[in-house]
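Here the structure is laid out as structure tokens; the discussion comes afterwards.
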Amino acid sequence: MKKFVTAVPLQPIERDKSTGVIIKDSLKKNIYEPIGNEKLKYDKETRFPIIPVINGFVEPNEEIRVIAIQMDTESSREHTRQLREELNALKQEKQFLFEDLGVVEIEYRSDVEAQIELFSKLLGYFEDGDRIYGCLTYGVKPVPIAELMSIQYAYRVLNDTSIECLVYGDNNHDRQNPKFHIYDITSLIILDEMVRILADKKVKNPRAFIDNVIKMRKENE
């Protein structure tokens, strides 16, 4: 099954004290320009870079699973609700099969123990034969590391499981001319696997070998 993993943003929200209605949300919708993979092209605004990934890689009537890493904060839970809302809208448009969002909630902490908990909980969602897609944009800084560790571990130990596409969403923080990009960084993960193998073989100048492998990957895309 195709499985999509993303952390939920932590950008703060502000509610009206008397009504509880959100009056300010720091997480804005944007159109992300794809870098490195035209399948990520998505002409609609979204808060979540994982949405262009799903849009680009899922076919009608295909069943998928989406897993969200959520911190135990009010803003994170609100953004999870927004993600579920966007997913359901995309489901109606693309006509894929999606029951509900899988939520992995962890404490709002950056220590090693919290990330080990996240790593372990995420592993429970992966199975033999999965095609894994991930967004490494959001969360406190150790969260994308733990997310990536879990994805790589599943790839290495499960049968017929692959890492299909990993992305990172970014903006240039220019208030006058803001630009938002979504980068396909899957080749970095392939590079990591290659570096491990080359290091084991004591290859002292791996650049030429690495360049050839990346070139072949681009030709096959």
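The values are calculated or read from the model by the stated rules, or taken from the named source; none is laboratory data. Predicted model, so just to flag it, every value in this text is computed and none were measured. Positions of Cβ are generated from backbone atoms using ideal geometry, with glycine treated the same way; all protein chains shown enter the neighbour counts.
For this structure, a couple of remarks:
- Within segment 56-93, being in a loop (DSSP other than H, G, I, E, B) and in contact with a strand residue (DSSP E or B) (Cβ under 7 Å, 6 or more places away or on another chain) holds for 58, 61, 62, 72.
- Within segment 25-50, the set of residues being within 19 Å of residue 83 (Cβ to Cβ) and outside any loop (DSSP other than H, G, I, E, B) comprises 25, 30, 40, 46, 50.
- In summary, strands (runs of 3 or more DSSP E) completely within segment 94-176 and bearing 2 or more residues that are closer than 23 Å to residue 72 by Cβ occur at 102-106, 131-135.
- Yes/no for residue 127 being modelled with pLDDT under 95 and over 14 Å from the mean Cα position of the chain (by Cα): no
- Among the residues making up segment 1-24, a single one is polar (S, T, N, Q), surrounded by 11 or more Cβ atoms within 10 Å (Cβ to Cβ) and assigned to a loop (DSSP other than H, G, I, E, B): 11.
- Checking each residue in segment 82-136 for being surrounded by fewer than 17 Cβ atoms within 10 Å (Cβ to Cβ), closer than 22 Å to residue 55 by Cα and in contact with a Pro (Cβ under 8 Å, 6 or more places away or on another chain) picks out 94, 95.
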